[in-house]
């Protein structure tokens, strides 16, 4: 029997057979996450029902020296939940309870498998919602959001997952259940929760998450502005920010992205637009109205040839439909595509877009651009046809060149999709060896054996080693301290 | 590299032997590498406004003073970010039309000290605290090596967010030399709506303010040890917006709107023994009438207490019991030596074993602010 067979037998005995998947065909359904061109069939899949089962699974893995990977809905776009062939995939899809909605405390407590949008649905009757809204919010899980520090269109104003999670029960990489934070703010000690959120499953597995609920805005107003060029749309965005307005969202799509969205969902954006901006303001009605007039005027002053103002929620949904479906929509105009995720300082937008255009032309591939213009988070979609020899390689090169541009302009290799498997190789371009080694100190504190999601985030495996401690007289032993 | 310490170079009563004041990250790295070689215990000092906080260091050789580590490295107004050296006083930041939305409850506090202790004030309700606004950090580790995490863009998930780890770490993991922050525009107009009411009305008034969709920047509470409690709600925005929102809050609170901040706004309430109490929002009223004046952000569940010295141990325990029962925390931030000897400064800390492991990795020789932090870290 292999180590995995022994582990499977142990977990079957401890948790029950229905928690374990080790049929080859069934295992295949877990071979990738949202980044489907990396595929690894997991050695074993475990579907725990609760935190205790999750902790037992991790303890069994540690005892056997087997690596493990956590997976929520599997929508991640950086291969963060890519399984390990000789490891265990711990899937949280059976941990889907909304434990509590506490509007008086502006908090909800949920299990990690709960779908992002379901938190908002549970909170809305109380006048609240959960602010982080990744485009995949109808299917992505809160546990995955915590692992990736997910953003979304509205994080320009409201921040990211890390700003909306106040507590988590976590299975540490040695299989212990601990509480980080909770319902009250500012727990004493190191902000381990802050370090944990966005650690991509390398520091443990969240089994229960306390999130901040946000009061629903009194008013939401949404504007769709069509421009001849992305330069104009970029200038309008800059003007809005310069005027001291912080919209809830500023989203941009270029001509090719619009074409794809039209083909897929018939969103009816203004014909002939070289770029559209969706600008959304929310808040108290009097505030929104005052700023909305300002935003409209700034779009016009920067060359918008058509402005549409959503008359109601249905029209707003239509504006957003084109944007939120953009990734999938690209499938209508290209057989294959790569979704890139990079960040630049927002003011560099026009320049970087031109350089992306140049790179694309040089390589003979097309790039559709969709982005969170307000915070400079680019999502270029590099289009190619895998059936054409060499095209996939050229698309990869363009995708990599875009990341180099982001670094050159002082940005980041990822704004919200995470490093995962896909971008670990780019980390040394953004960080020095000392930077990475320092991050690794944190990893070693949590996971000295390196079993939690190995091979993700960091490009080269490093060993932790023992902590070199000099004995010092006069230092009390841990047990003596409160 | 360092000079002999003077009589004023003490930390919570513990005298240092040397003082260094590096003017750059490189100089700081050289100082800390030398300190590592010589096995010196180090405490970082910024404006010195919170040196009496926490527990006195178990040992102290070298104070690293950040007073020469100052200035704005970059202010990219169009990108709403700034990069600032750690020794820069918060009050000295000049960012035309924009602000680093961090309140400074203690005048003279530096950027680095604010990050190291994660102090906050009224406007944390809208803008968050240092941990939310910090987007990138440069640190010098106890072994003298320089490391960065984050960057200069607001949206960035590449690598671990070490900024969060260093925020509120009381200088026990290394020296922060540079911080990149997200900025906000300065709102053109502000108004404060006030109401003074008996303590038993406060819960209902706070709930009414929460229910109103007025998006306050701050909801502050000021409660003397006995007697009526004052609430003050800050709204910021456009002239038309603020007028409307303030009028609605006047109705909800039954008190007047003015453009004048109360004198106690954003100031800690204590004379000698100061506590920080945090609770879930609905439990804020639990902290009233327990024998201490309290003040702070009722809108986020973060209050500060002025504990009478004479009854300190009993009142500390009473406040702590109330906070813990509500699911919160109670930390004694500062107290005279006599009180420190008889109270637990930090109270219960969850995750302490893991925190020790973090400390052991970053500062294996326990030379940085030894003993100042939770659990003797």
Flag for residue A:319 being surrounded by 22 or more Cβ atoms within 10 Å (Cβ to Cβ), assigned to a helix (DSSP H, G or I), touching a residue at least 60 places away in the same chain (Cβ under 8 Å) and in contact with a strand residue (DSSP E or B) (Cβ under 6 Å, 6 or more places away or on another chain): yes
Members of segment A:115-128 that are in contact (Cβ under 8 Å) with a residue 60 or more places away in the chain and buried (at least 21 other Cβ atoms within 10 Å of the Cβ): A:119, A:123, A:128
Looking only at segment B:93-114, and only at residues there that are outside any loop (DSSP other than H, G, I, E, B) and within 11 Å of chain A (Cβ to nearest Cβ), the one that is farthest from the chain's Cα centre (by Cα): B:98
Residue within segment B:303-320 that is closer than 23 Å to residue A:212 by Cβ and either at pLDDT below 95 or not assigned by TED's automatic domain parsing to the domain that holds residue B:35 (or both) present: yes
Segment B:192-208: number of residues that are outside any helix (DSSP H, G or I), touching a helix residue (DSSP H, G or I) at 6+ places or on another chain (Cβ under 7 Å) and either farther than 14 Å from residue B:257 by Cβ or assigned by TED's automatic domain parsing to the domain that holds residue B:111 (or both): 1
Hey, residue A:370 within 23 Å of residue B:157 (Cβ to Cβ), crowded, with 23+ Cβ neighbours inside 10 Å, touching a helix residue (DSSP H, G or I) at 6+ places or on another chain (Cβ under 7 Å) and at pLDDT 95 or above or not: no
Matching residues in segment A:410-449 - criterion: being under 22 Å from residue A:151 (Cα atoms) and more than 9 Å from chain B (Cβ to nearest Cβ): A:420, A:421, A:422, A:424
Elements of type strands (runs of 3 or more DSSP E) contained in segment B:236-340, each with 3 or more residues being within 14 Å of another protein chain (Cβ to nearest Cβ) and more than 22 Å from residue B:192 (Cα to Cα): B:273-278, B:329-334
Residues located in segment A:1-33, provided they are surrounded by 14 or more Cβ atoms within 10 Å (Cβ to Cβ), under 15 Å from residue A:48 (Cβ atoms) and out of contact with any helix residue (DSSP H, G or I) (no Cβ under 9 Å at 6 or more places or on another chain): A:8, A:30
Residue check, residue A:166 assigned to a strand (DSSP E or B) and facing chain B (nearest Cβ under 10 Å): yes
Filtered residues of segment A:238-250 (kept if under 26 Å from residue B:214 (Cα atoms) and under 27 Å from the mean Cα position of the chain (by Cα)): A:240, A:241, A:245, A:246, A:247, A:248, A:249, A:250
Answer from A:151, A:74, A:80 - the residue that is at positive phi and part of a loop (DSSP other than H, G, I, E, B): A:74
Residue count for segment B:43-62, restricted to those that are closer than 26 Å to residue B:181 by Cα and touching a strand residue (DSSP E or B) at 6+ places or on another chain (Cβ under 7 Å): 7
Some residue of segment A:351-371 being in a helix (DSSP H, G or I) and more than 17 Å from residue A:401 (Cβ to Cβ): no
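Would you check if residue B:215 is in a strand (DSSP E or B) and touching a strand residue (DSSP E or B) at 6+ places or on another chain (Cβ under 6 Å)?
When the stated conditions are applied, residue B:215 does not pass them.
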Any hit, segment B:348-363, residues being touching a residue at least 40 places away in the same chain (Cβ under 8 Å) and within 20 Å of residue B:13 (Cβ to Cβ): no
Answer from B:86, B:35, B:28 - the residue that is in the same structural domain as residue B:363 (by TED's automatic domain parsing), within 30 Å of residue A:377 (Cβ to Cβ) and buried (at least 19 other Cβ atoms within 10 Å of the Cβ): B:86
Whichever residue in segment B:191-206 is touching a residue at least 60 places away in the same chain (Cβ under 8 Å) and within 13 Å of another protein chain (Cβ to nearest Cβ) and, among such residues, is nearest to residue A:241 (Cα to Cα): B:191
Positions within segment B:348-362 being part of a loop (DSSP other than H, G, I, E, B) and either crowded, with 23+ Cβ neighbours inside 10 Å or within 7 Å of chain A (Cβ to nearest Cβ) (or both), in sequence order: B:349, B:350, B:351
Considering residues of segment B:363-376 that are at negative phi and within 7 Å of another protein chain (Cβ to nearest Cβ) only, the residue surrounded by the most Cβ atoms within 10 Å (Cβ to Cβ): B:374
Index of the failed condition, residue A:118 passing every other in (1) more than 13 Å from chain B (Cβ to nearest Cβ); (2) modelled with pLDDT of 95 or more; (3) not in a helix (DSSP H, G or I): (3)
Restricting segment B:133-172 to residues that are more than 8 Å from chain A (Cβ to nearest Cβ) and in a loop (DSSP other than H, G, I, E, B), the residue that is surrounded by the most Cβ atoms within 10 Å (Cβ to Cβ): B:172
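The values are calculated or read from the model by the stated rules, or taken from the named source; none is laboratory data. This is a predicted model, so every value here is computed, not measured. Every residue, glycine as well, gets a Cβ built from its backbone with ideal geometry; the counts of neighbours run over all protein chains shown.
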